[in-house]
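Derivation of every value follows stated rules applied to the coordinates shown; laboratory data play no part. Every value quoted in this text rests on a predicted model; they were computed, and no experiment measured them. Note that each Cβ is placed from the backbone with ideal geometry, even for glycine, and that neighbours are counted across all protein chains shown.
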Amino acid sequence: MPRGQQSPAADPSTRDMVLRRISEAGPVTATTLCADLGLTDTAIRRHIDGLLADGLIESREVRPPGRRRRGRPARGWVVSSQGHSVLSADYDHLANAALRFLAETAGPDAVAAFAERRAAEVEERYAAELTEAGDDPQVRATVLVEALTRDGYAASTRPVGSGEATLGLQLCQGHCPVQHVAAEFPQFCDAETEAFSRLLGVHVQRLATLAQGDHVCTTFVPVAAVAAGPPDRRGPEHHDNHPENPTHPPEGSNP
């Protein structure tokens, strides 16, 4: 069954309640779920069967505390990695609703300010590592990739061009924690791109994003000497989106 699709017999509200309780208390037995949620054994087992069929939970052995008893241990349930993704999606909806409210009550500039603040916190967390990496943008990009991967972004780099004709690097991110939020509020992508520019010391260009339906976030990093000071922080209206210089990635360089 496709990811996130519910079994035909599932009651969405009760099913979600069972999944969340398993997330909170797992490994938890069906008997305990009955007592915690006030549902019948038949109802609990129906939802467990549906969640199991959809790959959202998996079983674990549960041994009672205290004196060891004979016989097989009880069967408990925990949320699978796929189930955690479904639960996270619910929080995405909440985040989007909160940001819509912020935009409606305080204006779009408030959303941009929030996105910039979040990016600044990430930038501050990585700044010391990037400073220690020296002035070589390729080395700095490697260190940034390691930091991003450590935080769950599944990052990597790919060269653009080859040999002496190398123009730069593509910094790729296979996962984005705010993908669904950024799909509605691209300010998060813009703020992250500016943070990358400051961290790497060169003006980078965002080529593709998961939020806009691409299979990976891609940022072009030119291979050039790192500027003595931070890059130009002016808005995109002050930059030529297609500069005629060797740092612009060649056409068709997207992964």
Worksheet entry | Cβ-based exposure ranking for 176, 217, in which fewest neighbours within 10 Å come first | 176, 217
Worksheet item: According to a simple spin-label model (label point 7 Å from Cα along Cα-to-Cβ), what is the distance in nm between residue 34 and residue 135?
Response: 7.3
Worksheet entry | Phi-based couplings in Hz for region 74-82 (Karplus 6.51, -1.76, 1.60; Gly and Pro marked x) | 5, 9, x, 10, 10, 7, 7, 4, 5
Worksheet, complete the sentence: Expected vector for region 93-107, Karplus 3J(HN,Hα) from phi with 6.51, -1.76, 1.60 and θ = phi - 60°, integer Hz, x for Gly and Pro, equals 4, 5, 4, 4, 4, 5, 6, 4, 4, 4, 5, 6, 8, 10, x
Item to complete: List the relative contact order of region 108-232 as a percent without decimals, with contacts defined as Cα pairs under 8 Å and 6+ residues apart.
Response: 27
Worksheet, complete the sentence: The long-range amide H neighbours of residue 60, using H built 1.01 Å from N in the peptide plane and a cut-off of under 5 Å, are 76, 77, 78
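What is the extension gain from residue 61 to residue 91, computed as 0.36 nm multiplied by their sequence separation minus the C-alpha to C-alpha distance, in nm to one decimal?
7.9 nm
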Worksheet item: Classify region 67-219: rounded, prolate or oblate, from the alpha-carbon gyration tensor (a ≥ b ≥ c, eigenvalue square roots; a/c under 1.5 rounded; otherwise prolate if a/b is larger than b/c)?
Response: oblate
Worksheet, complete the sentence: The answer for residue 169, listing residues at least 5 apart or on another chain whose modeled amide H is closer than 5 Å to its amide H, is 160, 221, 223
Worksheet item: What's the exposure ranking of 203, 93, going from fewest to most Cβ atoms within 10 Å?
Response: 93, 203
